[in-house]
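Trainee: Sharing a structure below in structure tokens format, with a few things to ask.
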Amino acid sequence: MTEAMHQAVSDWSTGELDWPAWDAAAARARALFARLIGAEPATVSALGSLSEAAATIAASLPPGRIVVAAEEFRSNLFPWLARHDVVAVPARDGETRVEDLIAALDDDTVLLAVSEVTSREGQRLDLPALREATDRVGARLFVNLTQSLGALRYDPAAVRPDYLAVHGYKWLLCPRGAAWLVTRPDRLGDLTPLAPSWKSTSPPHGYFGGPMRLADDAGRCDTSPAWFSWIGACAALRLFRSLDAGRVERHCLDLARQLTEEARGAGFRRVVNGPLSQIVVLHTDHADRLSARLRERGVRATALGDRVRFGFHYFNDEDDVRTTLSVLTDGRITP
């Protein structure tokens with residue numbers, strides 16, 4: 001990915017850029033992403049962020065209540081608050097619970113918005129159970145895979161979301177600014193673009209004058225692409241297409257399990273008790289100090305108030321776990 005970006009910068013600096021080829025990178029990335037998750041390219045919109053994807057769906061929904069976790073990442077919270085009556089389900093004992101999300105659903109609910117893995121807790125939610133619950137009340141399901149896709153497998157047949165969104169800069173290792181919204185085929189007719197532009201029509205795209213004839217597929221919601229982001233995204237997605245998704249997930253979860261189990265012996269516990277994800281969040285009263293100490297040893301961990309967050313990917317190994325544990329167990333910082 002970085003090589004592709006360096007080449008683009010070099011072409012830009014020397015004036016050898018081919019802007020039509022750069023512009024086409026978003027369409028290439030759309031096709032690569034669609035194959036990665038088992039979707040049709042016509043159902044995929046190319047956007048710039050998760051919040052754009054959520055706001056697009058918020059503007060496309062009929063009136064009704066939206067159910068979302070109160071501690072959800074704001075890009076999957078504020079877009080719903082801006083347009084709808086939102087039921088924010090509070091965490092219980094510091095944990096977003098599937099049963100509480102389900103209990104909040106009723107016949108007035110038009111959509112449940114969730115992240116498969118919660119950013120603040122590292123909890124992996126049971127998406128098939130949430131799909132079943134939304135079906136019972138006739139609600140739609142919006143799934144954010146930003147904190148999971150690339151490290152964890154995704155089974156479209158088991159989840160069947162009405163809408164799926166991913167910002168690729170996390171676990172898909174794309175540059176920031178490449179994101180996707182996948183809409184179930186029977187929902188495409190409801191899609192309303194947030195900011196119609198020259199990209200909102202079917203190819204070949206024109207530049208001047210009207211009338212505005214939106215594309216029949218998800219491309220109507222495309223935003224004008226930030227070229228470098230999509231050039232890098234193509235390279236990153238080609239890499240992921242070459243990997244065994246099951247092997248990647250097992251590797252990441254094995255490292256997360258090892259850290260969780262051995263950290264417990266030093267008094268550090270996970271903030272949640274649910275299924276493991278590749279994100280391990282440990283409770284501590286000294287998050288800032290611990291994060292700084294880990295950084296001195298070459299480990300990046302995020303301090304979040306009363307907790308510290310670690311994330312494992314395919315490029316991590318057991319040496320990273322051992323280094324982390326050496327800091328957690330050296331006695332300088334207690335839980």
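The values are calculated or read from the model by the stated rules, or taken from the named source; none is laboratory data. These numbers come from a predicted model, not from an experiment. Every residue, glycine as well, gets a Cβ built from its backbone with ideal geometry; the counts of neighbours run over all protein chains shown. Accessible surface is based on the protein model in full, side chains and every heavy atom, while ligands, DNA and RNA are left aside. Shrake-Rupley method; radii C 1.70, N 1.55, O 1.52, S 1.80 Å.
Trainee: Post the alpha-carbon centroid distance, the range 215-280 to the range 9-59, in whole angstrom.
Mentor: 19
Trainee: To continue, here is another question. Through the Karplus equation 6.51 cos²θ - 1.76 cosθ + 1.60, θ set to phi - 60°, convert the phi angles of the range 271-285 into ³J(HN,Hα) values in whole Hz; use x for Gly and Pro.
Mentor: 6, 10, 10, x, x, 5, 10, 7, 9, 10, 10, 10, 6, 7, 8
Trainee: Please state, as a whole number in µm²/s, the translational diffusion coefficient that the Stokes-Einstein equation yields for the chain at 37 °C and 0.692 mPa s, with Rh defined as the Kirkwood radius across alpha carbon pairs. Each step should come with its number before you reach the end.
Mentor: Values: Rh = 21.1 Å.
Approximately 156 µm²/s, per Stokes-Einstein.
Trainee: Here's something else I'd like to know. Quick one: Debye curve from the alpha-carbon atoms of the range 214-333 only, equal weights, vacuum; give me log10 I(q)/I(0) at q = 0.11, 0.12, 0.22, 0.23 Å⁻¹ to two decimals.
Mentor: -0.51, -0.58, -1.18, -1.26
Trainee: Given +1 on the Cβ of Lys and Arg, -1 on the Cβ of Asp and Glu, and no further charges, what dipole in debye does the chain carry about its Cα centre, rounded to the nearest 20?
Mentor: On the way: 39 positive and 43 negative charges, 73 e Å.
My answer is approximately 340 debye.
Trainee: Here is a follow-up. Tell me, what HN-Hα J-couplings in whole Hz come from the Karplus equation 6.51 cos²θ - 1.76 cosθ + 1.60 at θ = phi - 60° for each residue of the range 105-116, using x for Gly and Pro?
Mentor: Result, ordered by residue: 7, 8, 5, 8, 6, 9, 7, 10, 10, 9, 10, 4 Hz.
Trainee: Using helices alone, what [θ] at 222 nm do you get for the chain, with -39,500 (n - 2.57) per DSSP H run of 4 or more residues, divided over all residues and rounded to the nearest 500?
Mentor: Numbers: 12 runs with 124 residues, N = 335.
Computed mean residue ellipticity for the chain: -11000 deg cm²/dmol.
Trainee: Let me see the pair-distance distribution of the range 195-262: every alpha carbon pair, 5 Å bin width, integer percents in order.
Mentor: In order of increasing distance, the bins hold 3, 13, 14, 12, 12, 11, 9, 9, 7, 5, 3, 2, 0 percent.
Trainee: Which value in nm describes the separation of the simple spin-label points at Asp107 and Ser326, placed 7 Å from the Cα toward the beta carbon?
Mentor: Distance between label points: 6.3 nm.
Trainee: Right, next: Give me a comma-separated list of calculated 3J(HN,Hα) values for the range 312-324, in order, Karplus coefficients 6.51, -1.76, 1.60 applied at θ = phi - 60°, integers in Hz, x for any Gly or Pro.
Mentor: 10, 10, 5, 7, 7, 8, 5, 4, 5, 5, 4, 4, 4
Trainee: Expected output is a single nm value to one decimal: the length gained when fully extending between Arg176 and Asp288, i.e. 0.36 nm times separation in residues minus the C-alpha distance. What is it?
Mentor: On the way: separation 112, 0.36 × 112 = 40.32 nm, distance 2.57 nm.
Length gained between Arg176 and Asp288: 37.7 nm.
Trainee: What's the carbon and sulfur percent of the range 97-250's accessible surface, probe 1.4 angstrom, rounded to a whole number?
Mentor: On the way: 3350 of 6520 Å².
Exposed carbon and sulfur together represent 51 percent of the surface.
Trainee: Can you tell me the equivalent ellipsoid semi-axes for the range 91-231? Use √(5λ) from the Cα gyration tensor, largest first, whole Å.
Mentor: Details: eigenvalues 195, 80, 27 Å².
Value: 31, 20, 12 Å, ordered largest first.
Trainee: Moving on to the next point. Give me the base-10 log of I(q)/I(0) for the range 50-165 at each q in 0.09, 0.15 Å⁻¹, Debye formula, one uniform scatterer per Cα, rounded to two decimals.
Mentor: Those come out to -0.19, -0.57, one per q.
Trainee: Note the direction-averaged projected area, equal to a quarter of the hull surface, for the Cα convex hull of the range 252-304, in nm². Could the numbers behind the result be given before it?
Mentor: Working: hull surface 15.1 nm².
With the hull built on Cα positions only, its mean projection is 3.8 nm².
Trainee: Please calculate how many Å² of accessible area the chain carries per residue, with a 1.4 Å probe and no DNA, RNA or ligand atoms counted. It would help to have the intermediate numbers written out before the result.
Mentor: Numbers: 15320 Å² over 335 residues.
I get 46 Å² per residue for this part.
Trainee: So what's Rg/Rh here for the range 1-69, counting alpha carbon atoms and using the Kirkwood radius for Rh?
Mentor: On the way: Rg = 17.1 Å, Rh = 15.1 Å.
With Rh from the inverse mean 1/r over Cα pairs, Rg/Rh is 1.13.
Trainee: Now for a separate question. After finding the eigenvalues of the alpha carbon gyration tensor for the range 154-287, what semi-axes result from the square roots of 5 times each, listed largest first in whole Å? If you can, show how the numbers build up before the last one.
Mentor: Working: eigenvalues 319, 55, 47 Å².
Output for the range 154-287: semi-axes of 40, 17, 15 Å.
Trainee: Continuing with the same structure: Evaluate the Kirkwood expression for the hydrodynamic radius of the range 92-147, namely the inverse of the mean inverse distance over all pairs of different C-alpha atoms, and round to one decimal in Å.
Mentor: 11.5
Trainee: A further question on this structure: Could you size up the charge dipole of the range 15-137 around its Cα centre, putting +1 on the beta carbon of Lys and Arg and -1 on that of Asp and Glu, and report it in debye to the nearest 20? All intermediate terms of the calculation are to be shown ahead of the outcome.
Mentor: Working: 12 positive and 20 negative charges, 40 e Å.
That gives a dipole near 200 debye.
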